[in-house]
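Structure record follows, encoded as structure tokens.
Bear in mind these aren't lab numbers, they're just calculated from the coordinates by the rules spelled out. The structure presented is a predicted model; accordingly, all values stated were derived computationally and were not measured. Heads up, the Cβs are rebuilt from the backbone with ideal geometry, glycines too, and the neighbour counts pull from every protein chain shown.
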Amino acid sequence: MSIVGIDLGTTNSLVAYWDGEKPQLIPNAIGELITPSVISFDKDGQVLIGESAKQRMISHPELSVAEFKRKMGTSAQYKLAGKKFTPEDFSDSQRKATKVAGELAGLKVERLINEPTAAAVAYGVHDREEESQFLVVDLGGGTFDVSVLELFDGVMEVHASAGDNYLGGEDFTQKITEWFLEKNQLNLKSLTPEALNLLSKRCQVAKHELSTNEQTVIKFHSGKSTFEQLITRSDLDHILKDTLERLKSPIERAIRDSKVKLSELDDVLLVGGATRMPIVRNLIGRLFRRLPACTIDPDHVVALGTAIQAALKSRDQALKDIVLTDICPYTLGVDVVQELKNNQYQAGYFLPIIERNSMIPVSRVQTLNTVADNQKKINCSIYQGESRLVKNNIKLGEVEINVPKGKAGDESVDVRFTYDINGILEVSIKVNSTEEVRTSIIKSEDCQLTDEQIAASMKKLEQIKIHPREQAENRLRLAKAERLYEESLGDKRDFIASIVAQYESILETQDLKSIEKYSKEFDETLQSLEEDVF
Amino acid sequence: MNCWEVLVIEPTNDKKAIKRAYAKKLKVTHPEDDPVAFQELSEAYQSALNIADYLELDESVYDEVEHDVVEPNKVIVNSESKQLIDSIPQAEKIELTKPSGDIEKIELIENLDESFNSNEKLDLDENKVAEISASDTDSFIDYFLARMNSLYRNSDTKNDIELWNDLFTEPMLDDIEIKQRLRYQVFDFFSCVLEEELQSKTKDLFDKNIVYGASEFFDWREDEISLTQYFGHESVDIVMSRAYGNANVSTDNVESKESSSGFSVSWFFWIFIIYVLTKLFASLAK
């Protein structure tokens, strides 16, 4: 049984596998390698995914949802077709949510992989002949990651990684949309969801066009009024200035943590669709005083990297001389009381035990002493974060242990943190005088569902009907036509309505031959309609 | 077992050789199969690389380190340079890597005063600024620190946010290396001047928005832990509380049952109150 690698992206998702020599992407039902991360329901309550669902974002915004990955692990709820959906019900962390989602879909989730590591691994295996140190900048639809990696003698060593989970291409589109609304004195609330989705699609197209052209026009109609707005590259510079600033901090942090000098970096590699934008490339170029490289399709890199990591995990023969060492991306520690001056104590300080960017698996010990006479117990709260005060960090758990009475400082405990390759943290506390040990396992990403819960969820999922594979292409055609209908005006609308009705009636006949014949014509008509929307 | 024994090589400063030895052993010490042995290996590998740095210390490297030490102190006006030198990370490095650095250190302190004086005389008109920022990294860093100091020392410009904004949006700061080098030096400056303010009990306080701006710019909050290791809790507290308000200072004191000193203070307090009250009632009764 082989393991596949899945890149579950904010905007698009991809699947890849290791064919024994190299990673390969797996096309979806309609033959595309990239599947938009969009879900939509049709009037019968059937689920549409990918391109068809994306088309329906404009024609049926109330039945469709995109960018849900950003909300995974939060308590956000989506209401579609009268049903409520929570990106995940067992709330805790995004990674856990992702794992649960995978298990619910009937997949055995072997391991969650750091996105920048995956991207770096794809490049590592791709250009394997050289010894090198490189930095990977991964700017996707919704997340931004940076990692520094070194390659030598078959070792792929991740030095440091940093990122921003709420920064990506979708934010750029959002900014352009806001700018458009302001320029045309439109109120966000006055727009219907259809109009808003249409506008943001238009802004996205404009964003893409500005990657090759100096300027373009955003055309948009809402109700009876039509707007045309010229946008130039320098407008874009201005609109995205603040958003782009946010790219700097994770890059600087990764460099700082890796202790690599800029002159020692052999390459700066770009990953993720948003790195196609010249404005992003220019910024990176300015920061590093060199041109960034991009030799693998930036949309494919992460998926290819996950397939390689899957192969590494199953110890594929072709990769037997490669070992990947990863790191723990954040600092883990406990809260302590600090002595500030003589006999003045202050609580709430964070004592790091495993520092961020330590190679994993790792296990470290710190010895703590009692601070009061006759202290009865020691309570260790476990935190993750970079602040020196625990209140600004994230609490992961708590372990308490009794200590024998004695003078302050006489009793001591050893706190041991063990962080394994799957991101599971084990905390054990040992009282040195009594040898008593307490252990607690903090599964930062483990699925804690019982078998019954999974079975129940699977049963619920069975009720959701997904279109059979052979229908996927037909559904996409209809969804496209519906979207065009929404985007068009007047006679053209009527025309689209009539050809849709005709196509639907042909589909009803279930005569494969005539469906196939008419589908071709339908595609051509749609294509010509697409080319002159206005 | 020392790191060389774990890596099965003779001590060397050839990093490539260290990496080769590590790679060879890693193939038979897979992180998934044997975490304990892997950790021993990875730690040996990292300390070997660190030691290699030390063995490598030649003239050019030393110059570089020396350079870093001079700069942060240029901006420091107070004469307690000795103490400050000890508190900055680069200076620590010198002590670690070159135990005989004492003589150089004294020289450094002397240089310090000179360079500071010369910087103070710097004429900072517009032309000069443009000229300096166009030149290389080192002179930009000198310029930045001097400019920062002169802005702060002049009461007219001390809290002029516009001027501080101009300084922090210098295009040269886009350069990662420049920004990294300034990061700790600027923190040192801010913690020193804020500490001065605190001690002199002055009313003319440094605008919290400027401190906030600097902290956000350098992302000090991401590195609070290492800043604390270098500068101590108090310095970090001073800067963070000015930038982000008291929410960023640990205020929750230890409960009395945990702190014996707190307990005894309150104990004496109550004894005192009872004593006063009894005296009071006694005199009233009279």
Check your understanding: What is the mean number of Cβ atoms from other protein chains located within 10 Å of the Cβ atom of each residue in peptide A:285-292, rounded to a whole number?
Key -> 2
Revision key, fill the gap. If unit charges are put on Cβ atoms (+1 for Lys and Arg, -1 for Asp and Glu) and the dipole of chain A is taken about its Cα centre, the option from A:309, A:382, A:13 lying farthest towards the positive end turns out to be A:382
Revision key, fill the gap. Ordering B:222-232, A:267-277 by per-residue average of other C-beta atoms within 10 angstrom, highest first, gives A:267-277, B:222-232
**Study point:** Normalised convex hull volume, chain A, alpha-carbon set, Å³ per residue
**Key:** 197
Review point. Using +1 on the beta carbon of Lys and Arg, -1 on that of Asp and Glu, and nothing else charged, what's the dipole of the range A:195-319 about the Cα centre, debye to 20?
Key: 240
Check your understanding: Which FRET efficiency value, to the nearest 0.05, is calculated for residue A:512 and residue A:190 with the Förster distance at 35 angstrom and r the Cβ-Cβ distance?
Key -> 0.15
Check your understanding: What net charge is computed for the residues neighbouring residue A:427, neighbours being all others with C-beta under 9 Å from the C-beta of residue A:427, Lys and Arg scored +1, Asp and Glu -1?
Key -> +1
Check your understanding: Quick one: length gained pulling residue A:505 to residue A:242 fully straight, 0.36 nm per residue minus the C-alpha distance?
Key -> 89.5 nm
Study note, to complete from the structure: If the chain between residue A:473 and residue A:440 were fully extended at 0.36 nm per residue, the gain over the current Cα-Cα distance would be 6.8 nm
Study note, to complete from the structure: With only helices counted (DSSP H, runs n ≥ 4, each -39500 (n - 2.57)), the per-residue ellipticity at 222 nm for chain A, to the nearest 500, works out to -11000 deg cm²/dmol
Review point. Where does each of A:476-483, B:170-177, A:132-139 land if you order them by average Cβ count within 10 Å, highest first?
Key: A:132-139, A:476-483, B:170-177
Exercise for review: Can you figure out the FRET efficiency of residue B:46 with residue A:344, using R₀ = 51 Å and their beta-carbon distance, to the nearest 0.05?
Suggested key: 0.90
Practice item. With a Förster radius of 41 Å, plug the Cβ-Cβ distance of residue B:10 and residue A:414 into 1/(1 + (r/R0)^6) and report the FRET value to the nearest 0.05. Key: 0.75
